[in-house]
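Report on one structure; see the data block that follows.
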Amino acid sequence: MPNKKFDFFKRFEELPAIFYIVLAVVSLAAHIALCSYTKLDPAVSGVIVVCAYLLLSAVVAFVIHKRILLFRLQRDASEEQNSGVIYTFKNYLNIPYAVVNESGKIVTVNAAMRHIAGQKNTLYNSDIAGACNISLEQILAHTEAPTSSANESTEETAEKHTECRTSFGGYTFRVDCHALNSKSKRFYMLIFKDITELAELTEIHKAEHTAVGYILLDNLEDIAQYVKVSYQEEATKVDKILKGWASSINAVIREYERNKYIVIMSRQSLLGCVKNKFEILDEIREVKVGEDNMPITVSIGISTTGSTLYEREHDALVSLDMALQRGGDQVVLRSETGLYFFGGRTKSQQKRSGGHAKIIANRLCSMISSASDVIVMGHTNPDFDSIGACVGVATLCHQLGVDVKIVTDIESDNFKACTSRLIELADYKNIFVDAITGLGEISFGTLLVVVDANNFRILEAPEIAKNSFKTVVIDHHIKKEEFENEPQLVYIDPSASSACEMISEILECSLVVGKLRAEEANVILSGIMVDTQNFTRTVGSRTFAAALYLRNAGASPEYVRTFFKENFEDYRSEALFGANTEIYMDRIAITWCDGTGSSNDRVLAAKAADKLLSVKSIDAAFALVRIGSVVHISGRSNGSINVQLVLEKIGGGGHFDVAGAALSEESTSAAKARLLDAIEEYFKDISKADNE
């Protein structure tokens, strides 16, 4: 920075003449005053004033000129020092440098700089960006100390201070910038340090950084159960494809268990796979089994995180588990910048068998029995599936003799509709509580069971989940992100039709025949019926088996259907969607309205999307409704369009044919525009994958 002290004394170079004139005027005024108001003789008064004037002028002149002399000596020394530094770099050091002015124009360079820049002649007055491929503004942005705002920590501010690099003349340089002041002008000395070898070594290290992955043929055995044929020939084909793929990217692959592989590759090879969006998924999907030509799919989990192979291997296994929980037929890549998903183009099949449900049931019963008490909770704005799953877990707790509370919205219309008979039972009179009461029930020995949700932000009481020491998650929705605190038991199966279906399987494995009461079975069955649209969507053999179990326990489909009756206001509100409907791309229906302000508008939107799906030639339908400051989107598909992938592009999620999203602080028209962009992007991805 310029020396403010020097600038101050520099102004005194023009001060003496003005000072003497002012002092003379003051002295004359003093002489007139003495003559007018005193009895002094004018001659004596004049002598006194002249003497005072001469004395004061001498003192001031001495002080001022001494300061000016000191300033000039220091300024000359500073300029001589700057000139000495430049002379040293120019004549004795073979380090490229350039001196530029404040506008980035070159003042001088040394021979080394001209040689590397490929210029034999002088570079005087040319822009520094033309010589070294980086402007002065960019250099200063990297090298000058950043200022931190009141909301930023020291660490956040330090992260902005990054090393400045540039490449020219076949070399890579680190640029150091030093400010120089000469004759009140600002200059910058730019010193270029050769780091070419270091940069090359860094790139080699990054390229050879090891990534670890797990590969699982996630549906081969399950497909064989349905097609009733041997799948060994197809498994051999997949094995050959996987090993050929690994060889093509210079990776190492080993089958450590039947139809399970571990793969090790470099980051450079991984980047190639990311670029082609893991086309290995499509290649394996071409392998068919049986007369129905059912495709084989694989799930892959890969990780580049962690400082050791052990950490990467563990993270890869977690990524594989997430791929399975999301429905399989996809890759989950965990890198330093986050999670990335590839694939997921096929509808998930029901993979989990009754044996797996028995394992989960045994583990859950053990955890409930060892807990002091249990809290069961579903998502906010509970539907019949959430309420029914909570009731199913409460039934299990009652049979095991453990106190249980269900945290839910007891004022919800859905809650009142399906529990009118249930709350008359002695076990259920005081079991349902609100979020505040539930938070007060937590203790160190409490077990929290979360059902019909794996995103803790949408739970009825997220604070309870944050303060829970032991947590179980049972859900049928695709997992989108990692848990902040990993639960002790996670049972997520996107191939299940509903959470109530999963709970029914657990109850069938755990309860003695006759212990499930009809009132409980009715509520659980309502969850299956609502999520399958009365057994018309996402239905498999497991779904009907669960329904048969509940029917044998006394559940009545006729009575359950009375839960779904809507009041006249809802019926009239549902008609609002028909006023704004359009067909997009000749196969997608979109409807929207601003809603009535009721939380039940989400249910009405889902119904509107379901009705649109029944229109001829419509393969997918989306209904948008505003509730407060949030626009909710319900997506439905007949199985030919993956609405999950569409809505994931705008922060939503769900299943292949049933999905949803919520956009905050958006107008309905803006939300619709974002939805249309997501649909176009989805079809572009599909088209690109098909062409490849």
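Since every read-out is calculated from the coordinates, none of them should be taken as a lab result. Since the model is a prediction, treat every value here as computed from it, not as a measurement. Every residue, glycine as well, gets a Cβ built from its backbone with ideal geometry; the counts of neighbours run over all protein chains shown.
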Query raised in the report: Which entries of Lys288/Lys672; Lys243/Lys649; Lys565/Lys684; Lys358/Lys611; Lys260/Lys479; Lys240/Lys480 show an alpha-carbon separation above 29 angstrom in the structure shown?
Result: Lys288/Lys672; Lys243/Lys649; Lys565/Lys684; Lys358/Lys611; Lys240/Lys480
Report summary line: HN-Hα couplings for region 652-660 via Karplus (6.51, -1.76, 1.60; θ = phi - 60°), in whole Hz with x for Gly/Pro, come out as x, x, x, 10, 3, 10, 9, 8, x
Query - Residues Val402, Val298, Val512, Val252 arranged by fewest to most Cβ contacts within 10 Å - result: Val512, Val252, Val402, Val298
**Report entry** Ordering of 513-519, 317-323 by burial proxy (mean other Cβ atoms within 10 Å per residue, highest first)
**Finding:** 317-323, 513-519
Requested in this report: Find, among the trypsin sites (Lys or Arg not before Pro) in region 252-284, those assigned to loop by DSSP (not H, G, I, E, B) with at most 11 other beta-carbon atoms within 10 angstrom.
Outcome: Arg258
Query raised in the report: When all C-alpha to C-alpha distances in region 352-391 are sorted into bins of 10 Å, what percent of pairs does each bin hold, rounded to whole numbers?
Result: 24, 37, 37, 2
Query raised in the report: Kirkwood hydrodynamic radius for region 210-343: how many Å is it when counted over pairs of different Cα atoms?
Result: 14.9 Å
Query raised in the report: Does region 354-564 classify as rounded, prolate or oblate by the C-alpha gyration tensor (a ≥ b ≥ c root eigenvalues; a/c under 1.5 gives rounded; else a/b over b/c gives prolate, otherwise oblate)?
Result: rounded
Report summary line: Row for region 568-691, column shape: gyration tensor on C-alpha, a ≥ b ≥ c, rounded if a/c < 1.5 i.e. under 1.5, prolate if a/b over b/c, else oblate; value prolate
Query - For peptides 21-34, 582-595, sequence by mean Cβ density within 10 Å, most packed first - result: 582-595, 21-34
Requested in this report: Would you mind ranking Thr408, Thr337, Thr395 by Cβ crowding within 10 Å, fewest neighbours first?
Outcome: Thr337, Thr395, Thr408
Report task. Using amide H atoms built 1.01 Å from N in the peptide plane, name the residues 5+ places from Lys470, or on other chains, whose amide H lies under 5 Å from its own. Result -> Leu448
**Report entry** Whole-Hz ³J(HN,Hα) from phi, Karplus 6.51 cos²θ - 1.76 cosθ + 1.60, for region 459-471, glycine and proline x
**Finding:** 6, 4, 9, x, 5, 5, 5, 5, 9, 7, 8, 10, 9
Requested in this report: Kindly rank 455-464, 624-633 from highest to lowest mean number of other beta carbons found within 10 Å of each residue.
Outcome: 624-633, 455-464
Report summary line: Along region 432-449, Karplus-curve 3J(HN,Hα) (6.51, -1.76, 1.60; θ = phi - 60°) to the nearest Hz, with x for Gly and Pro, reads 8, 9, 8, 5, 5, 5, x, 5, x, 8, 6, 9, 4, x, 6, 9, 9, 10
Report summary line: Applying the gyration tensor rule to the Cα atoms of region 455-588 (axes a ≥ b ≥ c; rounded if a/c under 1.5, else prolate if a/b exceeds b/c, else oblate), the class is oblate
